[in-house]
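Okay, so here's the structure we're looking at.
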Amino acid sequence: MSISLLEKYLPENCLPYLKKWFGDYVIHIKITRGRNSKLGDYRKMADKSHQITINSTLQPPLFFFVLTHELAHLLAFENYGHRISPHGVEWKNTFRIMLLESFAVYDEDLKSIILKFSKSPKANFMSSPDLVRYFHIEDYEDESSYIEDLDIKDQFIYRKQIYIIEEKRKKNYLCIQLDTGKKYIFKPLARVEKIS
């Protein structure tokens with residue numbers, strides 16, 4: 001897919017950055033249906049080309065952010081070799097530089113969040129409460145809540161199943177599915193429907 005075909009998914013003024021980062025690499029971009037498990041993915045292919053997949057349902061600034069994240073993998077591996085950790089120091093430094101370089105692309109109300117995130121980039125988008133709140137605020141109905149906003153012993157619905165919060169463990173929450181009695185760990189920013 002050519003860079004220009006990506007334009008409908010991207011915020012304005014980001015093509016110069018992408019052209020620079022894409023360089024002469026052969027990169028196959030696949031736009032996928034929304035996936036619950038991940039926003040994007042990077043792989044080096046057997047023929048030495050690169051494949052990046054990104055969810056089509058992302059808002060343009062988030063699409064660009066995720067594309068930057070995945071391109072940082074490509075550039076880190078190419079610059080430091082393939083023995084580096086996928087989300088190690090080399091990737092973090094590469095991603096940080098790319099975020100700061102393309103800082104002007106982001107809306108004013110997002111810039112402070114990007115700046116804060118760039119100080120210590122995380123591998124998982126869900127690890128940044130500020131980014132999660134910023135990009136998901138319009139995606140959910142009013143009856144949904146972050147699990148961190150509920151209390152111990154509160155009941156909630158997640159994917160049509162009823163759970164009860166048993167305890168908080170460090171940052172995460174241990175919850176019991178009422179039908180099966182099985183225990184599950186939930187991240188603090190999981191979106192759930194509180195049962196009143």
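The values are calculated or read from the model by the stated rules, or taken from the named source; none is laboratory data. Here the structure is a predicted model, which is why all the values come from computation and not from measurement. For neighbour counting, all protein chains shown are included, and Cβ atoms are generated from backbone atoms with ideal geometry for every residue, glycine included. What goes into the accessible areas is simple: the full protein's heavy atoms, side chains included, and nothing from ligands, DNA or RNA. Shrake-Rupley method; radii C 1.70, N 1.55, O 1.52, S 1.80 Å.
Things worth noting here:
One line per residue, one yes/no per condition, for (1) open to solvent by 70 Å² or more (accessible area, probe 1.4 Å); (2) touching a strand residue (DSSP E or B) at 6+ places or on another chain (Cβ under 9 Å):
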| position | (1), (2) |
| --- | --- |
| ILE31 | no, yes |
| PRO61 | no, no |
| PHE64 | no, no |
| ALA72 | no, yes |
| ALA76 | no, no |
| ARG83 | yes, no |
| ASN93 | no, no |
| ALA104 | yes, no |
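- Contacts under 6 angstrom Cβ, first residue in segment 27-51 being closer than 23 Å to SER127 by Cα, partner modelled with pLDDT under 85, 6 or more apart: LEU39/PHE125
- Meets criteria (touching a strand residue (DSSP E or B) at 6+ places or on another chain (Cβ under 6 Å) and within 21 Å of THR57 (Cβ to Cβ)) for GLU193: yes
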